[in-house]
1. Contour minus end-to-end for Ser16 and Ser79, with contour as 0.36 nm per residue of separation and end-to-end as the Cα-Cα distance?
2. Counting only protein heavy atoms, what percent of the accessible surface of the range 35-164 is carbon or sulfur at a 1.4 Å probe?
3. Take the alpha carbon atoms of the range 9-55, find their center, do the same for the range 118-178, and report the distance between the two centers in whole angstrom.
4. Tell me, in nm to one decimal, what length is gained between Asp138 and Ile177 on full extension, where the rule is 0.36 nm per residue of separation less the Cα-Cα distance?
5. Please list, in chain and number order, the residues 5+ apart from Phe8 or on another chain whose amide H is under 5 Å from its amide H, with Hs placed from the backbone.
6. In terms of modelled amide H atoms, which long-range or inter-chain residues lie less than 5 Å from the amide H of Gln19?
7. Explain nothing, just the number: relative contact order of the chain, from Cα pairs under 8 Å at least 6 residues apart, as a whole percent.
8. Could you report the chain's accessible area per residue, 1.4 Å probe, as an integer in Å²?
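The values are calculated or read from the model by the stated rules, or taken from the named source; none is laboratory data. The model shown is predicted, which means the values in this text are computed figures rather than measured ones. Just so you know, the surface numbers come from the protein's heavy atoms only, side chains and all, with ligands and any DNA or RNA stripped out. Shrake-Rupley method; radii C 1.70, N 1.55, O 1.52, S 1.80 Å.
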Amino acid sequence: PTAIDDVFFDANSFTSADQTLTVDVNTAYCNTMNWSGVINSPSFISSATSNTLKIYGSLILSENMSIPYDGGISFASGSAGTTVATGDHLLSTAIEFNGPGRGWSMLDELKTIKTITLNSGSLVSNSHNIQCFSFNSDNSNTRTLDLGASILEITNDDWQYSWRVNESLVLSATNSII
């Protein structure tokens, strides 16, 4: 697929239990990736940690799947109104948001064992919790982090490298806990 193609997985996509979709190229592209209709508990993996899935729209994962995917996920929003729904999975991937003048709205918790980077654009948690190893938004690009009443949990014990932001980040965290 290309950056303008939507990728949908439904009840017809995986015909038996435990089938796997593998990202086996350096960079895979799509507009929206939607797994909401899957059955038979498919897996989503990467053939290498250096591979990246570049998403120009929304990402909708299903609770009815496993995600040992450990390549990168880069949101490069090309349109307004994009959403992120992880199916409440704990992801094993670094996540990057990079969309000047665009934004992403979370539909459920966002949890990863790696770093979340907000390079540009806005991330709105809708008061859903965020968990990551570290959070990075240390540049001069226009960017906004709206946490609402979220809890942002950073699991890295080294504070110097855990929360890397600067004064140009617009942070709305009035009712949140970081």
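1. The Ser16-Ser79 span can extend by a further 19.2 nm.
2. The nonpolar share, carbon plus sulfur, comes to 47 percent.
3. Centre-to-centre (Cα) distance: 28 Å.
4. 12.0 nm
5. Asn34
6. Ser43
7. The value is 13 percent.
8. 47
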